[in-house]
Amino acid sequence: QVQLVESGGGLVQAGGSLRLSCAASGRTFSIATMAWFRQVPGQEREFVAASSWRYGPTYYADSVKGRFTISRDNARITAYLQMNGLKPEDTAVYYCATRYGSYSSQAVRYTYWGQGTQVTVSS
């Protein structure tokens with residue numbers, strides 16, 4: 001099993017930046033993909049970004065391309081989401097997730113999830 005702990009959320013003004021972190025522990029040697037999702041109350045959880053843990057290919061939702069960057073520190077078993085040019089529409093709870101298989105944008109394909117961290121962008 002894998003445990004995930006997120007941090008870095010907060011309140012920022014539109015146009016500002018935040019960096020989210022996701023630290024993994026447990027059976028991390030089996031991780032193949034790490035991803036970020038976000039969810040607004042009353043809406044479905046949506047894909048944000050994903051990265052191959054070992055080899056580095058990255059994937060982004062169209063809504064965040066050019067603004068968000070996913071990265072990782074393999075030695076620390078930590079994934080990051082650098083969010084620049086934040087918009088009020090980015091306000092949501094952001095979740096880190098992992099799976100043993102290759103990339104997927106579907107939340108149901110991910111096995112382990114963090115508790116989520118709130119990101120609020122004001123105008």
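The values are calculated or read from the model by the stated rules, or taken from the named source; none is laboratory data. If you're wondering where the values come from, they're calculated on a predicted model, not measured in any experiment. Counting neighbours? That spans all protein chains shown, and the Cβs are built from the backbone with ideal geometry, glycine included. Each accessible area value is taken on the protein alone, full model and side chains, heavy atoms only, with ligands, DNA and RNA left out. Shrake-Rupley method; radii C 1.70, N 1.55, O 1.52, S 1.80 Å.
Overview of values
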read-out	value
Inter-part distance where segment 33-54 and segment 91-123 are each reduced to a Cα centre, Å	3 Å
Most mobile of 37, 47, 29 in a GNM of the chain (Cα contacts under 10 Å)	29
Å² per residue, accessible surface of segment 19-74 at 1.4 Å	53 Å²
Taking segment 1-100 and dividing mean pair separation by its residue count, relative contact order in percent (alpha carbons under 8 Å, at least six apart)	35 percent
Check: the chain dipole with +1 on Lys, Arg Cβ and -1 on Asp, Glu Cβ, in debye	320 debye
Heavy-atom accessible surface of the chain: percent carbon and sulfur, 1.4 Å	46 percent
